[in-house]
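Notes follow once the structure below has been shown.
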Amino acid sequence: MFNFRNMSFKELMKVLGLGAVAFVLGVEWLNWLKRRLRDSHGPLKEVLFFPSPQVCVEHLFIHHKHFPCACPLPHGVETSFSRLLVHLLSARMSLDLCVFSFSHMELSRAILLLHKRGVVVRVVTDRDYMTITGSQIGALRKAGICVRHEMSSAVHMHHKFALVDGRKLITGSLNWTLTAVQSNKENVMVTEEPELVGPYQKEFQKLWEANDPANHKPQCTNGQLNIKTCKDR
């Protein structure tokens, strides 16, 4: 055991520095080991089916593992919806989201939480469905999340996929609505297979650039400027 009392300041700083280096190397080694173990089983591949039963998901939003939730829903039960939330909340750097209809409150809460954590969130959605009653797109924009909508009124932006940190793809038939999650027969695939993730990355970037308001002239109706389109950033 080191006798810190008999050490000079310089020697003490050297020991502390070596300790810090050892700690960092230890963390890096653990992360490397986790990646090796994951890669040994191949890229992530998971399929989720809906409808999903209602259970408490509060623990996914709270850091305290033993947070006492008093809601009447079942606790400690894993479902397709809770797995979907886990995958979304795993984002550390970026989340690119293409979604047709978005009115689910818990999914909105997850996106807002990621934004609050500093994750860069970009959303492409449908111009008609972004303004329907219950849509969460307004809440995302109000929070400062960059949202773009399909500029053409002749087509729908009907995609439903998300890219987590540019390496995890979440896609399927599921609209981000309460009805889809709790009542409809839906499917979601989650994968980190590069051959599948790559094309979706290209598709998102193509849509993002194509629907940049800076590349479109403001629309006018009866001589009046369409302010909603002009403000879209």
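The values are calculated or read from the model by the stated rules, or taken from the named source; none is laboratory data. Keep in mind it's a predicted model, so treat the numbers as computed, not measured. Methodologically, a virtual Cβ is constructed for each residue, glycine included, from the backbone with ideal geometry; neighbour enumeration extends over all protein chains shown. Note: accessible area is taken over every heavy atom of the protein model, side chains too, but ligands, DNA and RNA are not part of it. Shrake-Rupley method; radii C 1.70, N 1.55, O 1.52, S 1.80 Å.
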Taking segment 183-206, which residues are open to solvent by less than 70 Å² (accessible area, probe 1.4 Å) and among the polar types (S, T, N, Q)? Asn184, Asn187, Thr191, Gln205
Within segment 63-73, does at least one residue satisfy the condition of being assigned to a helix (DSSP H, G or I), exposed (fewer than 10 other Cβ atoms within 10 Å of the Cβ) and modelled with pLDDT under 70? no
Which residue is nearest to Thr179 (Cα to Cα), if the candidates are limited to segment 129-143 and must be of a type in the set (S, T, N, Q) and open to solvent by 30 Å² or more (accessible area, probe 1.4 Å)? Thr133
Picked from segment 74-94 (must be open to solvent by less than 60 Å² (accessible area, probe 1.4 Å) and small (Gly, Ala, Ser)), the residue farthest from Lys185 (Cα to Cα) is Ser94
When segment 116-134 is checked residue by residue, the ones that are over 27 Å from Arg92 (Cβ atoms), of a type in the set (Ser, Thr, Tyr) and not in a helix (DSSP H, G or I) are Thr133
Which residue out of Val147, Val124 is among the aliphatic types (A, V, I, L, M), more than 27 Å from Leu44 (Cα to Cα), at pLDDT 95 or above and in contact with a helix residue (DSSP H, G or I) (Cβ under 9 Å, 6 or more places away or on another chain)? Val147
I need the full set of residues from segment 95-109 which are within 12 Å of Ile145 (Cβ to Cβ) and open to solvent by less than 20 Å² (accessible area, probe 1.4 Å), in order please. Leu95, Leu97, Phe102, Ser108
From the list Arg148, Arg122, which one is surrounded by fewer than 19 Cβ atoms within 10 Å (Cβ to Cβ) and basic (Lys, Arg)? Arg122
Counting only residues that are within 15 Å of Leu107 (Cβ to Cβ) and assigned to a loop (DSSP other than H, G, I, E, B), which one in segment 135-153 is farthest from the chain's Cα centre (by Cα)? Ser135
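Kindly indicate the residue of segment 154-182 that is in a loop (DSSP other than H, G, I, E, B) and over 16 Å from Val124 (Cβ atoms) and also least open to solvent (accessible area, probe 1.4 Å) among those meeting that condition.
Out of the qualifying residues, it is Leu174.
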